[in-house]
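One structure is given here, and the rest of the page talks about it.
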Amino acid sequence: MPQQLADVLAVTERLWPASGTEPWDASGLVSGAMDAPVHRVLLAVDAVAATVDEAVEQRADLLIAHHPLLLRGVTSIAEDRYKGALLAKLIRGGSALLAAHTNADVVATGTSAVLAERLGLVDTRPIEASDDGATGIGRVGRLAEPTTLGRLARRLAEVLPPTATGVRVAGGFDDPVETVAVCGGAGDSLLGHPLVRAADVYVTADLRHHPASEAREQAMLGGGPALVDLSHWASEWLWLETAAAELRAALPGVEVAVSEIRTDPWDFQVVQ
């Protein structure tokens, strides 16, 4: 049976509490009426033209995007600007929009936890733990069976959806790996964290030149992890199916789908 949007928001608050949202973030309901019926939900990493079109075409009553459309302040939602055009299309199509961002990163089944699970990590814990010790940013754990950096990179290439940039690695192909730190999405802010520096490898996305270079130079002097750089979109896309399964269990009768549209911004790469 259909639920009202307010009922769905009660479930998402339980799954991804707003209290876990970082101060700079903009998670939460962007548009939609609380009493509107919800028969179908579509999950995507990004609210962009392709996924908004998909939501409207599938008659989804709610689009849940991991990345907030209105993360940075806007002064206009005129339709000659893409954010305004997207919001107008969603509203006219009867689809509400919800962002579940850092509040969905930190939970026990969040983006980094799912990535760690897909890599087979055990004895995991947050890199930056919340007060409860169980939730927080990133995850660090160990492989049940040690491997090499090259094999770990190949494993990532197998479990992640393909992208133009693929899986980039800084370190020796045959270097031994047992302890792994992961952070879905942009994670170079954690490069100096003691748990990251103590790991054999750090897997994250959006590693910039200077932080990555400095981390590798420091590793040659005083220890530190090899680095694996992923597509931001791909590193978080894996979480969508876990989120969808949780919503299906909590909202019987509501159809929940995961968008398979690649919203990674890069289309191709020329290798020299």
Seminar exercise, completed: If we keep only residues of the range 42-66 that are touching a residue at least 40 places away in the same chain (Cβ under 8 Å), of a type in the set (Gly, Ala, Ser) and not in a strand (DSSP E or B), then the residue farthest from residue 263 (Cα to Cα) is 60
For this session: Considering only the range 112-134, state which residues are farther than 19 Å from residue 16 by Cβ and not in a loop (DSSP other than H, G, I, E, B).
Result: 118, 121, 122, 123, 125
Seminar exercise, completed: Per the filter on the range 198-209, residues touching a Ser or Thr at 6+ places or on another chain (Cβ under 8 Å), outside any strand (DSSP E or B) and either over 11 Å from residue 181 (Cα atoms) or hydrophobic (A, V, I, L, M, F, W, C) (or both) are 198, 199
Exercise. Regarding residue 264, is this residue acidic (Asp, Glu) and more than 30 Å from residue 57 (Cβ to Cβ)?
Worked result: no
Exercise. Looking at the range 21-31, is at least one residue farther than 23 Å from residue 253 by Cα and without any contact (Cβ under 8 Å) to a residue 40 or more places away in the chain?
Worked result: yes
For this session: Pull up the range 210-236, narrow it to residues that are without any contact (Cβ under 8 Å) to a residue 40 or more places away in the chain and not in a helix (DSSP H, G or I), then point me to the one that is surrounded by the most Cβ atoms within 10 Å (Cβ to Cβ).
Result: 224
Exercise. Across the range 237-268, which residue is farthest from the chain's Cα centre (by Cα) among those that are part of a helix (DSSP H, G or I) and surrounded by fewer than 17 Cβ atoms within 10 Å (Cβ to Cβ)?
Worked result: 249
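Here, each number is a calculation from the coordinates, and none is a lab measurement. Remember, predicted model here, so these are calculated numbers, not experimental data. Cβ atoms come from the backbone with ideal geometry, glycine included; neighbour counts cover every protein chain shown.
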